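Visitor: What follows is a structure written as structure tokens; I'll ask about it next.
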Amino acid sequence: MNEGTQDIPAPLGLLAELTHRCPLQCPYCSNPVNLERRSGELDTAEWKRVFGEAADLGVLHVHLSGGEPTARPDLEDLVAECREVGLYSNLITAGVSTDEERLERLVEAGLDHVQLSMQGPDAQINDFVAGMRGAYEKKLRTAKAVGRLGLPLTLNAVIHRHNIARVGEMIDLALALGARRVEIAHVQYYGWALRNRASLMPNRAQINAAMQVVESAREDLKGRLVIDAVVPDYYARFPKPCMGGWGRQSLNVTPNGKVLPCHAAETIAGLTFETVREQSLADIWYRSEAFNRFRGTDWMPEPCRSCERKEIDWGGCRCQALAFAGDASATDPACHRSPLHGHMLAVAEADAKEEEAFVYRSFANAGAP
Amino acid sequence: MSDAPSSEAVPRLPRGVRLRHDKNRDEWLLLGPERLFKPDNIALEILKRCDGEATIGAIVEDLAQTFDAPREQVAKDVRAFLVGLAEKQMVEFA
């Protein structure tokens, strides 16, 4: 590595949130509840500089995300820059606002892969969850165009209690659309999803049934479809290795240029996040207080500090610890060794019985969390 | 299906999968969608020969000669390696 220190590895992935603008209104959106307006977004030259710095830093994959990244008219330029500096580019899109000509231009610019979100396996459920009529048909058209252009496609299916019984149909849809890979991503409760937890949380029986469907499909479809799953951690025994560890593998750049260790890091009061408008990515990655705060294992309290899994899950999720314990350095309550584990499970079970309506993700509904 | 590619099968990297040398880490990497694979020396020799033209048979022959290794063992290793990668959609057979 070029600038690093011996014990801080270079990052592998960069999530570039190009904009918060999006035609969909999914109630589980990972964006913060305070959405950034267009006027605050980094411009083309600033993003290009970020991609150059990322490549120099050792980043390999760039995930062009949002909001909806195709809302940026300069997306072709940005993809071309990724290719130019040697980054693998992945477009994470809702697929409702891109025609085939635009996709073709993106492919010509060097796009490597498309990840298309699906809210459900038919128009009724998809469009209800997405909060956009006609979205499903547009997504199918986008998926087919990606196939015609020969680009690899991943379908991303976010799972919650309104579509959890239909996981098998989502996998069938991925196959039918020629996807090489499908992500069965149980909702992670941050941002808009946390606000909507009582209208999204499934119960344990639903989760177990869905996980069985996924396991057997994975076996049946070996060699035809890669199935990746993001597990629902409210019902887990051990926490997830959130982001592969704080400041260990990945970084996020928000639409206005703030650099975060994860989507939800800004919910942690007391941490200051630097911006690419003032510092280089390398400075922020290696030297900023925020990235070093929960890096490695030295910050850990008990029971994490003496846990044999501490370099497996890296202490789980700091934002979840904050949300439940009021302390971002506490043990992630998803871990059965946390004193709050029983409380977290009780919250999930209670939420799973609620019948709340969605608060759709929109600028109108945005505001202080 | 990727069960038993014949020695006439031609392995290649699908669109969206790239083998490249990373100058920061000074190592070869196979990049795919949300996937990163670090080939060891033997794997790298196999991957470099997956040019979309050479058959499995030709790759085995080339490796056996280049490294003066028993052909049967090489054939077994190459096949197992490629089938494993094909299951992850990091290699395809034409």
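The values are calculated or read from the model by the stated rules, or taken from the named source; none is laboratory data. For clarity, every value in this text was computed on a predicted model and none was experimentally measured. All Cβ positions, even for glycine, are placed from backbone atoms using ideal geometry, and neighbour counts span all protein chains on display. The area values use the complete protein model at the heavy-atom level, side chains included, leaving out ligands, DNA and RNA. Shrake-Rupley method; radii C 1.70, N 1.55, O 1.52, S 1.80 Å.
Visitor: As an exercise: evaluate A:Ala321 against (1) surrounded by 15 or more Cβ atoms within 10 Å (Cβ to Cβ); (2) touching a helix residue (DSSP H, G or I) at 6+ places or on another chain (Cβ under 9 Å); (3) of a type in the set (Gly, Ala, Ser) and give the number of the one condition it does not meet.
Guide: The number of the failed condition is (2).
Visitor: Given the conditions (1) within 11 Å of chain A (Cβ to nearest Cβ); (2) assigned to a helix (DSSP H, G or I); (3) touching a helix residue (DSSP H, G or I) at 6+ places or on another chain (Cβ under 8 Å); (4) not basic (Lys, Arg), report the number of the one that B:Leu30 does not fulfil.
Guide: Looking at each condition in turn, B:Leu30 falls short on (2).
Visitor: Could you check the stretch A:45-160 for helices (runs of 4 or more DSSP H) lying wholly inside it with 3 or more residues that are open to solvent by less than 10 Å² (accessible area, probe 1.4 Å)?
Guide: On the way: elements: A:75-85, A:100-109, A:123-130, A:135-148.
Answer list for the stretch A:45-160: A:75-85, A:123-130, A:135-148.
Visitor: Given the conditions (1) surrounded by 12 or more Cβ atoms within 10 Å (Cβ to Cβ); (2) away from every other protein chain (no Cβ under 14 Å), report the number of the one that B:Thr66 does not fulfil.
Guide: Only one criterion is unmet by B:Thr66, namely (1).
Visitor: Which of the residues spanning the stretch A:11-38 are open to solvent by less than 20 Å² (accessible area, probe 1.4 Å), assigned to a loop (DSSP other than H, G, I, E, B) and modelled with pLDDT of 95 or more? So that I can check it myself, show each step before the final result.
Guide: Taking the stretch A:11-38 and keeping what is open to solvent by less than 20 Å² (accessible area, probe 1.4 Å), we get A:11, A:13-14, A:16-20, A:24, A:26-27, A:31, A:33.
When the remaining residues are screened for being assigned to a loop (DSSP other than H, G, I, E, B), the result is A:11, A:18-20, A:24, A:26-27, A:31, A:33.
Residues satisfying the conditions are A:Pro11, A:Leu18, A:Thr19, A:His20, A:Leu24, A:Cys26, A:Pro27.
Visitor: Checking B:Ser6 against (1) within 14 Å of another protein chain (Cβ to nearest Cβ); (2) open to solvent by less than 70 Å² (accessible area, probe 1.4 Å), which test does it fail?
Guide: Going through (1) within 14 Å of another protein chain (Cβ to nearest Cβ); (2) open to solvent by less than 70 Å² (accessible area, probe 1.4 Å) one by one, B:Ser6 breaks only (1).
Visitor: Cβ-Cβ below 6 Å, separation at least six or inter-chain, first residue in the stretch A:222-251 and of a type in the set (Gly, Ala, Ser), second surrounded by fewer than 18 Cβ atoms within 10 Å (Cβ to Cβ) and not in a loop (DSSP other than H, G, I, E, B): which pairs?
Guide: Taking only residues 6 or more apart or on different chains, the pairs are A:Gly223/B:Glu87.
Visitor: Quick check, is A:Glu41 open to solvent by 30 Å² or more (accessible area, probe 1.4 Å), modelled with pLDDT of 95 or more and in contact with a Lys or Arg (Cβ under 9 Å, 6 or more places away or on another chain)?
Guide: Numbers: open to solvent by 30 Å² or more (accessible area, probe 1.4 Å): no; modelled with pLDDT of 95 or more: yes; in contact with a Lys or Arg (Cβ under 9 Å, 6 or more places away or on another chain): yes.
Against the criterion (open to solvent by 30 Å² or more (accessible area, probe 1.4 Å), modelled with pLDDT of 95 or more and in contact with a Lys or Arg (Cβ under 9 Å, 6 or more places away or on another chain)), A:Glu41 does not qualify.
Visitor: For the stretch A:166-176, check the following and say yes or no: at least one residue is touching a strand residue (DSSP E or B) at 6+ places or on another chain (Cβ under 8 Å), within 14 Å of chain B (Cβ to nearest Cβ), modelled with pLDDT of 95 or more and surrounded by fewer than 23 Cβ atoms within 10 Å (Cβ to Cβ).
Guide: Residues of the stretch A:166-176 that are touching a strand residue (DSSP E or B) at 6+ places or on another chain (Cβ under 8 Å), as a first pass: A:167, A:170-171, A:173-174.
Then drop every residue that is not within 14 Å of chain B (Cβ to nearest Cβ), which leaves A:174.
Narrowing the set further to residues that are modelled with pLDDT of 95 or more leaves A:174.
Checking the rest, the ones that are also surrounded by fewer than 23 Cβ atoms within 10 Å (Cβ to Cβ) come to none.
Within the stretch A:166-176, not a single residue is touching a strand residue (DSSP E or B) at 6+ places or on another chain (Cβ under 8 Å), within 14 Å of chain B (Cβ to nearest Cβ), modelled with pLDDT of 95 or more and surrounded by fewer than 23 Cβ atoms within 10 Å (Cβ to Cβ).
Visitor: I'd like the full set of residues that are basic (Lys, Arg), at pLDDT 95 or above and either out of contact with any strand residue (DSSP E or B) (no Cβ under 8 Å at 6 or more places or on another chain) or at positive phi (or both), limited to the stretch A:221-263. Break it down into steps so the answer makes sense when it comes.
Guide: Initial filter on the stretch A:221-263 (basic (Lys, Arg)): A:222, A:224, A:237, A:240, A:248, A:258.
Remaining after also requiring at pLDDT 95 or above: A:248, A:258.
Listed by number, the list holds a single entry, A:Arg248.
Visitor: So which of B:Ala43, B:Ala58 ends up being more than 12 Å from chain A (Cβ to nearest Cβ) and free of Cβ contacts under 8 Å to residues at least 12 places away in the same chain? Full working, then the answer.
Guide: Details: B:Ala43 fails: free of Cβ contacts under 8 Å to residues at least 12 places away in the same chain.
Unique residue meeting the criteria: B:Ala58.
Visitor: Still on this model: Considering only residues that are open to solvent by 30 Å² or more (accessible area, probe 1.4 Å) and of a type in the set (Gly, Ala, Ser), which ones fall in the stretch A:251-283?
Guide: Passing the criteria: A:Ala269, A:Gly270, A:Ser280.
Visitor: So which of A:Leu18, A:Leu75, A:Leu106 ends up being of a type in the set (A, V, I, L, M) and within 14 Å of another protein chain (Cβ to nearest Cβ)? Step through it out loud before you land on a result.
Guide: On the way: A:Leu18 fails: within 14 Å of another protein chain (Cβ to nearest Cβ); A:Leu75 fails: within 14 Å of another protein chain (Cβ to nearest Cβ).
Among A:Leu18, A:Leu75, A:Leu106, only A:Leu106 is of a type in the set (A, V, I, L, M) and within 14 Å of another protein chain (Cβ to nearest Cβ).
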